[in-house]
1. Considering (1) part of a loop (DSSP other than H, G, I, E, B); (2) at pLDDT below 80; (3) open to solvent by less than 80 Å² (accessible area, probe 1.4 Å), say which one residue 90 fails and leave the rest.
2. For the range 30-58, which residues satisfy the criterion of being surrounded by 12 or more Cβ atoms within 10 Å (Cβ to Cβ) and closer than 20 Å to residue 81 by Cβ?
3. Does residue 27 qualify as being more than 25 Å from residue 148 (Cα to Cα), open to solvent by less than 70 Å² (accessible area, probe 1.4 Å) and either assigned to a helix (DSSP H, G or I) or at pLDDT 85 or above (or both)?
Amino acid sequence: SASTAEIDSSDEVVVFVPATEVGCFGVHLPNQGTAELRRSAAFALEDDLAVPVEDAHVAIGQPLPDGSRPVHIVDPALMEQWVAILNTAGLKTARLVADASILPVTPVAVDAGTHILFSVSGRRFAVDAQLPDDALKAFANKSETPVIASGDELARRLGGAAAQSTSLPLLGQLAQWA
């Protein structure tokens, strides 16, 4: 467990958080300072948010080759909960990363237990694992090439949309793309 791990203060700690709790977007933003970037990103996405833009916790990544920046938005109360859990575990500094954000651009579907991570048609997102199989197939069928599913059960749920499956554990799958 994280509370008993021997972590050196110089180690970079990455904590995966469920993308079902994080809005993951790609936004074209002008070159600005950090505070201005956060404001610009939040207002560019305000119509897509379920919370007032002023209340959202906004994290902005480095520019991508297409000029866009990854923008992740989470409810500040949830972010505070995550930070409190990490602090209780003795982790004062960590990088929180939405699990779906590190998926490859190739079409994949990864069973993350409570949710399923998708990388389809250039978009990375997560959906609740309890969705009906037909809904999952619809997401997978958005791909122009067959989706690689993690595990036989997810491949079965995706029907003909799965090209192959992998038996790597979730962390192993995420690590191969990080």
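The values are calculated or read from the model by the stated rules, or taken from the named source; none is laboratory data. Please read all numbers here as calculations on a predicted model, not as lab measurements. Note that each Cβ is placed from the backbone with ideal geometry, even for glycine, and that neighbours are counted across all protein chains shown. Calculation scope for accessible area: heavy atoms of the full protein, side chains included, ligands and nucleic acids excluded. Shrake-Rupley method; radii C 1.70, N 1.55, O 1.52, S 1.80 Å.
1. Condition not satisfied by residue 90: (2).
2. The answer is 49, 51, 56, 57, 58.
3. Values: more than 25 Å from residue 148 (Cα to Cα): yes; open to solvent by less than 70 Å² (accessible area, probe 1.4 Å): yes; either assigned to a helix (DSSP H, G or I) or at pLDDT 85 or above (or both): yes.
Spelling it out, residue 27 is indeed more than 25 Å from residue 148 (Cα to Cα), open to solvent by less than 70 Å² (accessible area, probe 1.4 Å) and either assigned to a helix (DSSP H, G or I) or at pLDDT 85 or above (or both).
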